[in-house]
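Following: one structure in structure tokens, then a few remarks.
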Amino acid sequence: MVSTYSQLCPVVFGPGAINQLADKVKEYGGTKALCIYDAGVKAAGIADKILGRLAGAGIAAVSFGEVLPDAPSETVNRAGRLAQDEGVDIVIGIGGGSALDTAKAAAVLAENPLPISRYFVGRGSPFKSTIPLFLIPTTSGTGSEVSIMAVIHDEENHVKDSVLRPASLAIVDPELTLTVPKSVTAMTGFDALSHAVEAYTTNRTNPKADILCLEVMRLIMGSLEKAYNDGSDLEARTRLSLASNLAGMAFNDAFLHFGHAAAHEMGVVFHMPHGAACALTIPEVITFVSDVAPERTIKIAEALGVDIRKGASAAEIGEEAAGKIRGLMKRLGIKSLKEQGISKEAAMGIAEGAVAHNPFVSCALKPVDPPVLRELIGKMYDNYQ
Ligand SMILES: NC(=O)c1ccc[n+]([C@@H]2O[C@H](COP(=O)([O-])OP(=O)(O)OC[C@H]3O[C@@H](n4cnc5c(N)ncnc54)[C@H](O)[C@@H]3O)[C@@H](O)[C@H]2O)c1
Ligand SMILES: [Fe+2]
């Protein structure tokens with residue numbers, strides 16, 4: 001089989017990577033930066049640290065510190081307007097996926113007319129975006145720094161849509177994640193794990209993504225609980241940063257399927273944080289594929305550290321793997337749909353919208369139409385309470 005895999009941008013990775021920022025800005029010809037972040041990143045002292053470094057190197061900077069969760073289109077438009085008004089020549093996104101996706105969209109708007117909705121995938125307005133874009137993740141979850149898409153909350157149509165603009169450079173410094181709160185550590189860790197499990201079970205897999213996905217699963221199982229229990233554990237944080245980054249590279253080519261379709265819709269309808277929604281889908285994604293991809297199911301279980309019983313079927317092994325993930329979710333405080341006050345009927349009711357709004361659901365190994373997804377969400381509800 002012939003497959004396609006890519007590497008969208010260079011990555012500077014490791015504790016202390018941020019020390020290269022000013023030199024890299026100069027290397028890319030930046031003289032005036034737009035720094036994009038949110039209140040949490042500011043409160044953690046990260047934005048000021050980065051602004052200080054730019055100032056110290058004689059690089060001018062303006063700030064947009066009003067990023068909101070899930071990159072709503074109105075906020076994105078304001079960031080884009082600022083980029084235009086200030087005539088910046090480089091955009092720097094600093095934060096979780098919401099800040100990085102806002103920065104990707106603002107980079108598009110820096111050189112193209114507003115609003116961002118013109119450039120949503122499927123609407124087809126062509127655009128050129130050449131301004132350098134640096135992305136500096138401060139959570140370990142989305143992998144947005146190496147994926148092509150910015151996931152934007154389209155407030156007009158109440159859906160998550162996307163704009164395609166890769167970074168020019170990613171700077172992944174695990175030290176920047178040391179201040180991530182416990183609950184965000186858990187949710188973002190499950191987001192990265194869901195990227196790996198989903199990207200390993202699409203109809204677009206490739207050899208590079210396969211290797212990355214299995215390693216991501218191993219890295220996360222060996223470090224997420226450690227980082228959750230001790231946020232200052234730099235070794236665990238470093239493994240999670242690597243896992244998140246590698247998972248982003250994997251799903252950028254291999255895509256995702258029903259887990260993220262459901263998670264996006266749950267995010268919009270129930271205002272659930274992205275990673276919390278993704279976590280709930282992982283066990284069902286694993287068991288869903290055990291009949292059509294038994295070998296992959298066993299590989300997933302091995303990577304997750306399940307003791308494979310001799311003679312067990314792929315379906316049984318998949319169930320054990322799913323159970324292991326549910327146990328980890330409980331220990332890390334992931335709330336079930338029921339605990340969030342959502343009824344089973346309401347949860348299953350998102351199936352239609354999830355399929356309609358997320359065409360990548362067709363990348364699943366078996367067809368997922370609304371009745372199939374309804375049933376899967378029903379299982380998510382019953383199997384994790
Ligand atoms: N573009 C992609 O490829 C892609 C992939 C997956 C998810 N996403 C999107 O990413 C978004 C979710 O991103 P997220 O899970 O990183 O959440 P987030 O960006 O909303 O951040 C979550 C919270 O963590 C805080 N935070 C971030 N870094 C911190 C730090 N170092 N110290 C203290 N607090 C910190 C933030 O202030 C915020 O309150 C969603 O919109 C989702 O759709 C995008
Ligand atoms: Fe995700």
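The values are calculated or read from the model by the stated rules, or taken from the named source; none is laboratory data. Everything numeric here is computed off the predicted structure, so don't read it as measured data. Note that we place each Cβ from the backbone using ideal geometry, even for glycine, and neighbour counts take in every protein chain shown.
Return the only residue of E320, E375 being in contact with a Lys or Arg (Cβ under 9 Å, 6 or more places away or on another chain), farther than 24 Å from N157 by Cβ and in the same structural domain as F251 (by TED's automatic domain parsing).
Going through E320, E375 in turn, the sole match is E320.
Which residues, counting only those in the stretch 217-258, are out of contact with any Ser or Thr (no Cβ under 8 Å at 6 or more places or on another chain) and either closer than 11 Å to G189 by Cβ or small (G, A, S) (or both)?
Scanning the stretch 217-258 gives L219, I220, M221, G222, S223, E225, K226, S232, A247, A250.
Every residue in the stretch 107-142 that is part of a helix (DSSP H, G or I), among the hydroxyl-bearing types (S, T, Y) and out of contact with any Lys or Arg (no Cβ under 8 Å at 6 or more places or on another chain), please.
Y119 - this is the single residue of the stretch 107-142 that is part of a helix (DSSP H, G or I), among the hydroxyl-bearing types (S, T, Y) and out of contact with any Lys or Arg (no Cβ under 8 Å at 6 or more places or on another chain).
Of the residues S183, S241, S223, which is under 20 Å from G93 (Cβ atoms), more than 15 Å from ligand 2 (Cβ to nearest atom) and assigned to a helix (DSSP H, G or I)? Walk me through how you get there before you give the answer.
Values: S183 fails: under 20 Å from G93 (Cβ atoms); S223 fails: under 20 Å from G93 (Cβ atoms).
It is S241.
Looking at this structure, is A247 crowded, with 22+ Cβ neighbours inside 10 Å and closer than 18 Å to P367 by Cα?
Judged against the criteria, A247 is not a match.
Mind telling me which of the residues S194, S140 ends up being within 13 Å of ligand 2 (Cβ to nearest atom), over 23 Å from A47 (Cβ atoms) and hydroxyl-bearing (S, T, Y)?
The match here is S194.
Give me the residue from the stretch 143-153 that is away from ligand 2 (no atom under 11 Å from the Cβ) and under 19 Å from D38 (Cα atoms) and, out of that set, surrounded by the fewest Cβ atoms within 10 Å (Cβ to Cβ).
Going through the qualifying residues, I end up with H153.
Return the pair list, or none, for Cβ contacts closer than 7 Å from residues in the stretch 366-385 that are exposed (fewer than 13 other Cβ atoms within 10 Å of the Cβ) to residues that are outside any loop (DSSP other than H, G, I, E, B) and β-branched (V, I, T), at least 6 apart or on different chains.
That search, which allows pairs on different chains as well, returns D369/V355.
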